[in-house]
Amino acid sequence: MAAGLIGGAALGAGFGELLRVIVEASKTAAMFRDNLEELASMLSPIEPVIKEIQSFNKAFDKEYETEQLVEIVKRGKKLVTKCCKIRRWDIIKKPYYSHKLLGLKKSLERFCQIVMQTHQARDIKEVLFETKDISVGIRKLSLKEGSSNGNGICNQVAVMGPCRVPEPRGKVLGFDEPLKELKVKLLKDGVSVIIVSAPGGSGKTTLVKQLCQDEEVKGKYEDNIFYVSVSKTPNMELILQKLLQAKDYAVPEFQNEEDGLNYLEQKFRQLAIIPILLILDDVWPGYEFLVHNLKFELPDYKILVTSRFAFPRFDDCTYCLKPLNDDNAMTLFRHNAFLQNGKPCIPEDIVNKVMKSCKGLPLALEVVGRSLCGQPVAMWLKQAKQHSKGLSILHSNTDLLAYLQSTLDTLDDEAGIKDCYLDLGSFPEDHQTPATALIDMWVEQYKLDEDCDAFIKLHELSIRNLVNLVVMRKDDASEADSFYNDHFVMQHDLLRELAIYQSSFDPIEKRRRIIVELSRNNFPNWWSEEKQQPLGAHLLSISTDETFSYNWGYIQAPEVEVLVLNFRAKNYVLPVFMEKMDKLKVLIAMNDSIYPAEVSNFQLLYSLSNLKRFRLEKVSVPSFSTSSFQLKNLRKISLVMCNISQAFEKGTNKMSDNFPNLLEIDIDYCDDLMELGEGLCDVVQLMKLSITNCHKLRALPEGIGKLVNLEVLRLTSCTDLMSLPETIGSLSQLTILDISDCLSIKNLPTRIGELRNLVKLCMRGCSSCNLPSTITKLQHLKDVICDEETAYQWEFLKSYLTNLKVTVHEQDINLNWLQIFV
């Protein structure tokens with residue numbers, strides 16, 4: 001507790017002292033009077049906020065929250081003192097120190113803006129951590145906090161709360177009446193559960209999201225609205241964790257589910273001074289017990305459920321969302337089908353036919369409308385004629401499926417866009433699929449030359465509104481280098497079902513892709529047939545949950561080139577039949593559990609002689625230097641949120657012998673990585689090394705200089721990394737170096753001047769990093785991306801580096817992207 005009080009006291013006292021020094025300096029340092037007076041006028045109203053932060057630190061005993069701000073205050077006081085010592089005849093120093101004062105002002109200003117905007121809605125701890133790591137604070141903290149608590153669900157934690165209600169996408173049209181009706185039900189006394197039921201694509205989720213934007217609803221429930229996306233295979237442990245983390249409650253290890261529910265009820269009782277609304281979105285049959293288990297006897301506590309299915313036991317409290325009437329449907333359809341400022345040239349009767357065939361279902365109106373936007377009359381005529389074909393997507397709504405299918409007719413088969421779309425069904429429903437996983441699949445499966453070629457296909461699908469491409473942090477520089485770790489793909493469940501449906505027309509043995517979901521010991525009939533035919537699929541996706549027994553049986557899949565394993569388990573067993581997949585090029589194993597999984601038969605990977613890329617998420621990885629681990633054709637390794645402390649240790653074999661053709665290693669959010677093993681330095685043929693968001697990484701090995709073929713070294717957001725080894729000067733082929741948000745690096749190595757082929761240096765968030773004099777030897781350096789404070793140093797070097805372009809990175813504190821964690 002004492003440490004927390006000291007930290008808070010240091011902040012309060014230091015801030016007051018800084019204000020006093022600035023006021024005094026403004027009277028004596030005439031050269032900087034304008035700057036200092038502006039600083040003084042800004043700091044006066046900030047002081048109450050600082051006191052509030054100080055009080056939070058006392059309450060919560062979290063010293064580190066104020067550490068970075070204390071450092072800024074100390075640095076500011078030192079800077080102002082220096083300004084006071086500069087005499088009038090030292091006018092040449094004025095630009096430099098004026099710029100430094102401007103940097104101080106912006107540092108404090110940015111911090112206060114964030115606090116003032118968010119301290120009512122977000123945890124003060126996380127806001128303060130943003131100051132330390134302002135460019136990646138939100139994303140870093142959400143993942144780092146998840147791992148530091150030992151729960152491992154990094155992608156579930158968000159600064160604004162993992163259960164915050166997402167805002168509806170785009171403009172909400174046609175729901176005026178349903179909103180009024182549902183609002184009456186919600187605010188009616190004596191009703192504890194409300195079910196919003198309708199077929200998929202009817203707009204249930206949009207309706208509920210929009211309802212939560214209503215002023216009367218927000219006024220009643222305030223910050224006590226919790227939103228959880230349940231989906232097809234919910235996990236109560238994850239739901240409990242999300243709900244508790246929404247208010248930053250500690251999440252202890254529960255003995256059982258009942259223990260967790262009792263703990264949640266206790267915490268909800270503490271919040272029940274204000275009414276509570278819990279939203280369970282997309283609940284499937286068989287999981288009505290979730291509603292029952294989460295019903296607590298609390299005053300004015302309500303549960304609002306959306307489902308594409310009806311629940312008989314809740315008939316009395318079900319609101320059936322009907323299709324839009326013709327007027328509202330036409331409004332929504334026109335909004336999507338025609339440019340807002342353009343004059344439609346499509347005959348009204350054709351527009352009406354196409355609109356009516358959508359049967360008032362919002363998703364169909366949006367998808368069909370967007371697919372026809374800007375298309376010629378002939379395409380509209382074709383759509384109007386096809387609406388009577390009638391195919392089913394939920395075994396009931398034939399018209400919707402027919403039109404969803406018709407949107408695929410415009411996809412270019414020759415360019416492989418349609419195949420790429422159909423591959424999207426390989427990943428679980430409501431899953432934020434990493435763009436890099438899709439890129440790995442498509443590059444190898446469709447023999448593309450570069451990763452960017454695969455990303456173009458993904459972008460094409462996004463343009464056609466068949467996927468939603470979410471960028472966590474916009475970074476044009478990284479995208480230009482074909483680095484897509486911040487890109488994720490989201491897809492409406494109906495569009496995913498369409499992809500699966502499209503892949504299931506042929507007999508099982510002739511299908512190009514097979515997508516299977518397994519639970520307990522329930523296998524499809526073809527799997528357990530005694531005289532099973534060899535499968536001809538090139539892509540095989542198998543999803544299992546925690547109830548699966550891992551008695552895999554045996555199937556023959558000799559043609560499979562891509563194997564996707566989606567699972568949820570602490571202990572996992574790879575399918576034994578994969579060792580016979582002689583043509584397998586890509587393996588993607590993604591664990592959706594809380595903790596990294598132990599894989600008991602990891603050695604099966606050794607038999608995949610043709611494997612070129614593998615991606616592991618939340619898996620404990622053994623050493624890559626064992627004598628049996630030899631993959632001669634492997635070109636890329638991706639490890640995300642894995643335990644990899646042993647992976648790169650030296651073993652009986654050199655990694656270069658085991659992986660003689662390995663060209664790229666991508667390590668992201670691996671929190672147990674504190675030191676990179678020397679074993680990796682043996683892979684001398686390596687061309688790309690990315691170690692990002694590994695916050696505990698302290699040092700790189702001296703042997704990294706042996707990677708003489710390395711062209712890209714990316715160390716983004718390794719916040720504890722203190723320095724780069726001098727041996728980095730031996731990387732003669734290095735063209736891109738990215739140390740953005742490596743907050744602890746204070747000096748670049750002297751030998752950096754030996755990187756004669758370096759073209760791009762990214763160092764956003766490295767305002768404290770000093771440049772050595774040898775930097776002037778980087779004659780091929782063309783692009784530097786940095787903060788405004790660092791840009792000042794680079795401006796002085798332009799006379800030496802004539803081709804240099806310095807780009808100041810603008811800080812974006814827009815938090816809308818956090819909705820993907822909800």
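The values are calculated or read from the model by the stated rules, or taken from the named source; none is laboratory data. A quick note: this is a predicted structure, and the numbers were derived from the prediction, not measured. Cβ: placed from backbone, ideal geometry, glycine included. Neighbour counts: every protein chain shown. Surface areas here come from the heavy atoms of the whole protein model, side chains and all, with no ligands, DNA or RNA. Shrake-Rupley method; radii C 1.70, N 1.55, O 1.52, S 1.80 Å.
The table below lists the values:
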read-out: The range 657-821: proportion of alpha-carbon pairs further apart than 19 angstrom, %; value: 56 percent
read-out: Mean-position separation - Cα centroids, the range 654-695 and the range 751-790, in angstrom; value: 24 Å
read-out: Fraction of the pair-distance distribution of the range 609-650 above 11 Å, Cα-Cα pairs, percent; value: 68 percent
read-out: Rounded, prolate or oblate (a/c below 1.5 giving rounded, otherwise prolate when a/b exceeds b/c) for the range 175-320 by Cα gyration tensor; value: oblate
read-out: Burial order of peptide ranges 500-507, 35-42 (average beta-carbon count within 10 Å, highest first); value: 35-42, 500-507
read-out: Vicinal HN-Hα couplings computed from phi for the range 739-746 (Karplus, 6.51 cos²θ - 1.76 cosθ + 1.60; Hz; Gly/Pro x); value: 10, 4, 6, 7, 5, 8, 6, 9
read-out: Approximate shape of the range 266-380 as ellipsoid semi-axes (Cα gyration tensor, √5λ), whole Å, largest first; value: 43, 16, 11
read-out: Largest-first ellipsoid semi-axes for the range 496-648, taking √(5λ) over the Cα gyration tensor eigenvalues, angstrom; value: 26, 18, 14
read-out: Where the range 175-320 is the region considered: accessible area per residue in Å², 1.4 Å probe; value: 45 Å²
read-out: 27 Å Cα-Cα threshold exceeded, pairs from Lys650/Lys688; Lys82/Lys777; Lys583/Lys650; value: Lys82/Lys777; Lys583/Lys650
read-out: Along each principal axis, Cα extent of the range 300-342, largest first, Å; value: 49, 22, 15
read-out: Accessible area of the range 292-350 belonging to carbon and sulfur atoms, whole % at 1.4 Å probe; value: 52 percent
read-out: Amide H contacts under 5 Å for Thr318, placed H, 5+ residues apart; value: Ile195
read-out: Added length on full extension, which subtracts the Cα-Cα distance from 0.36 nm per residue, Cys320 to Val808; value: 170.4 nm
read-out: Fraction in percent of alpha-carbon pairs per bin - 5 Å, the range 621-692; value: 4, 18, 29, 29, 17, 3
read-out: Mean-position separation - Cα centroids, the range 532-556 and the range 584-603, in angstrom; value: 15 Å
read-out: Surface accessible to a 1.4 Å probe, per residue, for the residues of the range 657-821, Å²; value: 36 Å²
read-out: Arg33, Arg714, reordered so the largest accessible area comes first (probe 1.4 Å); value: Arg33, Arg714
read-out: For the range 480-555, the Rg and Dmax computed from alpha carbons only, in angstrom; value: 15.8, 52
read-out: Binned Cα-Cα distance frequencies in the range 234-331 - 5 Å width, integer %; value: 2, 10, 20, 20, 16, 13, 7, 5, 3, 2, 1
read-out: Derived scalar couplings ³J(HN,Hα) [the range 290-295; Karplus, 6.51 cos²θ - 1.76 cosθ + 1.60; whole Hz; x for Gly, Pro]; value: 4, 5, 4, 5, 8, 7
